[in-house]
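Just below is one structure, and these are the notes that go with it.
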Amino acid sequence: MDTVSELLEARLRAAFAQVAPGTDPVLRPSERADFQANGALALARALGRSPREVAAQVAAVLDLGGLATVEVAGAGFLNVTLTPEFLDARLHALLGDARLGVSRSDPPHRVVIDYSAPNVAKEMHVGHLRSTVIGDALAALERLGGEEVIARNHVGDWGTPFGMLIEHLVERGEDAGAAELAIGDLTAFYQAARAAFDADEGFRERSRARVVALQAGDPETRRLWRRLVDQSVAYFTEVYRRLGVTLSAADIRGESSYNDDLAGVVAELDRQGLLADSDGARCVFPPGFTNREGEPLPLIVQKRDGGFGYAATDLAAVRDRVERLGADRLLYVVGTPQAQHFAMVFAVARQAGWLPDTVRCEHVAFGNVLGADHKMLKTRSGSTVKLIDLLDEAVERARRALEERGAAIDAAQRDQLAVQIARAAIKYADLSTERQRDYVFDLDRMVAFEGDTGPYLQYAHTRVRSILRRAADAGADARPEAFVVGEGASRTLATSLLGWPDAVAAARATAQPHRLCGYLFGLAQDFTAFYEACPVLSAPPALRAERLALCELTARTLAQGLAVLGIEAPERM
Ligand code: ARG
């Protein structure tokens with residue numbers, strides 16, 4: 001199903017093209033009509049004519065094919081009003097469509113999304129939270145659009161620090177060390193290893209020998225390494241479970257899983273004549289990348305000591321995803337500081353022919369999480385904030401908020417609800433800001449039941465559901481013969497409901513989940529205005545059926561939207 005905006009904009013574009021080519025009219029919701037199209041103003045300026053005159057000329061040739069009528073307004077706007085027939089047909093179509101008008105890509109594309117990617121034996125921090133929450137929402141969004149999504153969790157499980165970590169595990173006593181990791185005391189473990197490394201020459205020597213043994217595949221060293229990895233993965237998996245994300249252990253492809261491909265990556269770059277030596281390291285200098293002094297920037301693929309690094313691994317991962325997985329599109333949900341790394345990796349992969357032009361490749365960057373002081377979020381002692389502590393704290397606040405409301409629920413229900421509300425609070429706060437921007441982590445605001453928050457949307461959904469339950473108990477008919485939808489609040493709600501597929505399309509086109517949040521918050525507000533102005537249960541039967549149908553569509557749209565954001569929509573709160 002084409003979206004309402006797509007249908008109308010195509011016809012508007014055709015009319016504008018008759019007046020002057022190249023104008024791209026944009027439709028917006030309007031107070032005066034259902035939509036307003038601008039475009040005449042810019043065109044008039046370009047043509048040196050009066051905007052009203054241009055708008056009138058467009059209106060005269062505009063053929064809306066019975067979908068809507070048009071009127072010139074104000075300084076030169078086109079007010080577009082849907083015809084009763086089209087509005088009725090659309091609303092009925094939505095009622096009968098489990099997808100609520102969202103179209104399905106046919107044939108589907110294969111989209112590989114790289115997200116979460118914490119590091120073994122290191123704490124998952126708020127940056128990993130953002131990657132996990134945004135990546136999971138994008139995965140759900142693409143799945144909703146009918147695409148085939150493959151999640152890749154590029155866990156940091158390889159590299160020189162593992163020499164020191166393995167040695168520390170041995171000295172700490174294997175079981176005691178493993179236990180420390182399993183309960184999530186990763187920072188302490190890492191710091192103790194670091195301290196020993198810095199203080200003790202013998203430890204340093206043994207750590208270096210461990211790295212060599214690890215790379216050479218020494219069985220005992222590998223076994224110890226596996227133990228470190230497994231303990232950490234168990235901990236990450238527990239965090240995912242608590243957060244309620246779809247990412248699972250099966251999606252993990254750690255850096256180490258590309259080890260066997262690294263030599264081939266370098267050999268192929270060499271064969272293509274792309275390698276250059278820089279201080280003994282083997283590098284590619286992709287065109288267009290320079291440092292502040294204007295000198296070409298290297299992407300290091302093999303270090304002086306022969307080891308491969310982060311970049312070589314990412315090149316191998318691109319090849320794997322394109323050649324083995326058959327990806328049509330690659331997304332990397334990683335913080336903004338790695339923008340240059342990804343730009344260079346993509347450029348080199350294109351140069352080497354591993355990334356054909358037909359494969360879209362995007363770094364889905366995001367900003368920082370800040371504390372109340374507007375500096376990077378830290379604990380009072382200055383260390384990284386543990387994700388799980390944030391979640392615990394949010395659950396606690398949600399539980400208190402529920403108690404204060406005195407909701408008539410038992411303790412088990414309250415515990416479950418508190419978890420659902422906490423997840424909603426944390427995820428929505430993250431997803432509702434444009435992802436490149438920083439945001440302040442403020443639990444009080446996030447958990448609030450009022451304002452632009454996750455719990456508010458959950459609550460709005462429960463309110464609609466409760467109306468529908470009461471209607472069902474009363475045996476009220478919720479299927480109108482025809483939608484009349486006159487003016488005012490019910491009209492605004494109806495056109496807002498038609499806009500859900502447009503919101504999905506906009507979010508997908510830009511990989512910006514905040515567009516869904518903005519839409520859902522607007523819908524919840526439109527519903528509130530509707531419910532204040534239009535009695536539902538006490539209305540005469542025909543009108544009541546229409547209003548109940550609008551309620552049902554609102555509830556379903558909110559639930560579908562929240563699901564994409566990874567937020568549960570409970571029945572009651
Ligand atoms: N483990 C890295 C970090 O914590 C992120 C990895 C992102 N993904 C990738 N393919 N490089 O910063």
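The values are calculated or read from the model by the stated rules, or taken from the named source; none is laboratory data. The shown structure was predicted, so the numbers you read here are calculated from the model rather than taken from an experiment. Cβ placement follows ideal geometry from the backbone for every residue including glycine, while neighbour counts extend to all protein chains displayed. In case anyone asks, the SASA skips ligands and DNA or RNA and just uses the protein heavy atoms, side chains included. Shrake-Rupley method; radii C 1.70, N 1.55, O 1.52, S 1.80 Å.
Among Gly326, Gly335, Gly288, which is away from the ligand (no atom under 14 Å from the Cβ) and out of contact with any strand residue (DSSP E or B) (no Cβ under 8 Å at 6 or more places or on another chain)? It is Gly288.
Test Ala117 against the stated conditions and say whether it is open to solvent by 10 Å² or more (accessible area, probe 1.4 Å), within 16 Å of the ligand (Cβ to nearest atom), at pLDDT 95 or above and among the small types (Gly, Ala, Ser). Criteria met by Ala117.
Scoring Val233 on the criteria (1) surrounded by fewer than 18 Cβ atoms within 10 Å (Cβ to Cβ); (2) under 30 Å from Ala209 (Cβ atoms); (3) touching a residue at least 40 places away in the same chain (Cβ under 8 Å); (4) not aromatic (Phe, Trp, Tyr) leaves a single failure, condition (1).
Yes or no: Arg143 more than 13 Å from the ligand (Cβ to nearest atom), in a helix (DSSP H, G or I), under 26 Å from the mean Cα position of the chain (by Cα) and at pLDDT 95 or above? Taking the combined requirement at face value, the residue satisfies it. I'd like to verify a number: residues in region 384-412 that are loosely packed, with under 15 Cβ neighbours inside 10 Å and more than 27 Å from the chain's Cα centre (by Cα), how many? Number of matching residues: 10. For region 120-139, filtering for residues that are more than 9 Å from the ligand (Cβ to nearest atom) and touching a Ser or Thr at 6+ places or on another chain (Cβ under 7 Å) leaves 7.
Residues in region 146-182 that are part of a helix (DSSP H, G or I) and closer than 30 Å to His514 by Cβ: there are none.
Taking region 338-350 on its own, how many of its residues are more than 11 Å from the ligand (Cβ to nearest atom) and over 19 Å from the mean Cα position of the chain (by Cα)? The number of residues fulfilling the criteria is 8. Residues in region 258-305 that are over 24 Å from Arg324 (Cα atoms) and hydroxyl-bearing (Ser, Thr, Tyr) were compared, and the one that is surrounded by the fewest Cβ atoms within 10 Å (Cβ to Cβ) is Thr290.
With respect to Gln416, is the statement that it is open to solvent by 70 Å² or more (accessible area, probe 1.4 Å) and closer than 20 Å to Ala569 by Cβ true? So Gln416 fits the description; yes. Whether any residue in region 507-515 is farther than 29 Å from Val364 by Cα, open to solvent by 30 Å² or more (accessible area, probe 1.4 Å) and not β-branched (Val, Ile, Thr) is what I want to check. No, the conditions are met nowhere in region 507-515. Scanning region 300-318 for residues that are away from the ligand (no atom under 13 Å from the Cβ) and not in a loop (DSSP other than H, G, I, E, B) turns up Ile300, Val301, Gln302, Phe308.
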